[in-house]
Amino acid sequence: QKLIPAESIQFFVDIKMDGLACALIYEDGILQQAITRGDSFRGEDVTTNIRTIKNIPLRIRDTNETKPYHKGRVEIRGEVVMLKKDFNALNKQRTTDGLPTFANPRNLAAGTIRQLDPKLVAARPLSFRAYDILGEAAQDITTNIQAYRILSSLGIVRNQEAAVFDTVKDVLAFAETVKNKRDSLPFYIDGLVIKVNSRRQYQSLGIVGKQPRGAAALKYPAEQATTAIKDIVISIGRTGAATPVAVFDPVQVAGTT
């Protein structure tokens, strides 16, 4: 508001998913490559494994509205996640089979995508949720909410909870609403992503260090749980130092034991 005081600002808000960031590259409407974020400069090529995820189209939907996206290169960014119900069902089956259970969906999704065997990846119920679209055709997109509508038109799954607000007060009210229903969402989240809705404004606001001025992450407090101390044992280190170690009853916190 200090930098563009004469302009009205809308805020685009979406749920921040706890998954593995991945970019899908389509050439002339056909999926050609999939790359993880990596170190933000060089990612891992995971194309073969990504092709096994059932809700990722190998060819984007072809309609009058989407024809511009069937020419040249289109990059769709999103998160690979495992839904809670699928994660619980997978762990239940592993318990039945006498196998160790997985700790949490986020680590399982990330580890699965990096597997060398595509058959193993195909056997695990991963999903993709998009949050941005880039490319020459996407230059005509004026707002983030419009980008989400186009993603849906292309046949790409994105979060339905995303919304646009005119005031910070409304953004914070929405944040509180999502916080109260986070346990009922189909996937684990750790907060919200808030952006200036106008893509032109977002670009004009620039970057400070590594952080864009037009975006912020709102993190929810870490999930807490109560357990009981069963025992305190003394651990002797290699130098002979004695350290007291508490033994707890197992408890689930944010999907991890």
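The values are calculated or read from the model by the stated rules, or taken from the named source; none is laboratory data. Predicted model only: the values in this text are computed from it and were never measured. FYI the Cβ positions are ideal-geometry reconstructions off the backbone, even for glycines, and counts take in every protein chain you see. What goes into the accessible areas is simple: the full protein's heavy atoms, side chains included, and nothing from ligands, DNA or RNA. Shrake-Rupley method; radii C 1.70, N 1.55, O 1.52, S 1.80 Å.
In square angstrom, rounded to the nearest 10, how much accessible surface does R73 have for a 1.4 Å probe?
Looks like 120 Å² after rounding.
On the full set of protein chains, 1.4 Å probe, figure out the accessible area of T96 and give it in Å² to the nearest 10.
Rounded to the nearest 10, the figure is 110 Å².
Cα extents of the stretch 133-175 along the three principal axes, largest first, in whole Å?
Largest first, the stretch 133-175 extends 35, 20, 11 Å along its Cα principal axes.
So what's the projected area for the stretch 1-129, the Cα convex hull averaged over all directions, in nm²?
11.5 nm²
Using a 1.4 angstrom probe, figure out how much accessible area the stretch 131-226 has per residue, in square angstrom, rounded to the nearest whole.
So the stretch 131-226 comes to 57 Å² accessible per residue, rounded to a whole number.
Under a Cβ-only charge scheme (Lys and Arg +1, Asp and Glu -1), can you give me the dipole magnitude of the chain about the Cα centre, in debye to the nearest 20?
100 debye
What Kirkwood hydrodynamic radius, in Å, does the chain give when the mean of 1/r is taken over all pairs of distinct Cα atoms and then inverted?
Evaluated on the chain, it is 20.8 Å.
Are there GluC sites (Glu not before Pro) in the stretch 6-76 that DSSP puts in a loop and that have at most 16 other Cβ atoms within 10 Å, and which ones?
Here the GluC sites (Glu not before Pro) that fit, given the DSSP loop and packing criteria, are E7, E44, E65.
How much accessible area does V251 have with a 1.4 Å probe, in Å² rounded to the nearest 10?
50 Å²
Taking every pair of alpha-carbon atoms in the stretch 163-257, give the share separated by more than 19 Å as a whole percent.
Cα-Cα pairs of the stretch 163-257 separated by over 19 Å account for 64 percent.
Where the centroid of each part is defined by its Cα atoms, how far is the stretch 61-92 from the stretch 144-217 in Å?
Between the Cα centre of the stretch 61-92 and that of the stretch 144-217, the gap is 17 Å.
Taking Cα pairs under 8 Å and at least six residues apart, what relative contact order does the stretch 19-176 come out at, in percent?
Answer for the stretch 19-176 is 27 percent.
Between helix 168-181 and the chain, what is the angle of the helix's C-alpha long axis to the longest principal axis, kept within 0 to 90° and rounded to the nearest 10?
Approximately 40 degrees, to the nearest 10.
Excluding same-chain residues fewer than 8 positions from K84, which lysines have a Cα within less than 26 Å of its Cα?
K16, K54, K92, K119, K179, K181, K219
Reachable aspartates and glutamates from K2, Cα under 17 Å, same-chain residues fewer than 8 places away excluded?
Straight-line reach from K2, under 17 Å: D166.
Report the label-to-label distance for L185 and T101 in nanometres (one decimal), using points 7 Å from each Cα along the Cα→Cβ vector.
Each label point lies 7 Å from its Cα, and together they span 2.3 nm.
Work through the residues other than T66 whose Cβ is under 12 Å from its Cβ and net out their charges, Lys, Arg +1 and Asp, Glu -1.
That works out to +3.
Counting other Cβ atoms within 10 Å, keep those with at most 10, restrict to DSSP loop, and tell me which chymotrypsin sites (Phe, Trp or Tyr not before Pro) in the stretch 187-257 are left.
Qualifying residues, ordered by number: none.
Among the trypsin sites (Lys or Arg not before Pro) in the stretch 187-251, which ones are in a DSSP loop with at most 16 other Cβ atoms within 10 Å of the Cβ? Mind listing them?
Answer in residue order: K210, R213, R238.
Calculate, for V208 and I236, the FRET efficiency according to 1/(1 + (r/R0)^6) with r their C-beta to C-beta distance and R0 45 Å; round to the nearest 0.05.
0.35
Once the mean 1/r over all distinct Cα pairs of the stretch 89-186 is inverted, what Kirkwood radius in angstroms do you read off?
17.0 Å
Mind checking which aspartates and glutamates have their C-alpha under 18 Å from K210, skipping anything on the same chain fewer than 8 residues away?
D39
Tell me the carbon and sulfur percent of the accessible area for the stretch 1-142, rounded to whole percent, probe radius 1.4 Å.
49 percent
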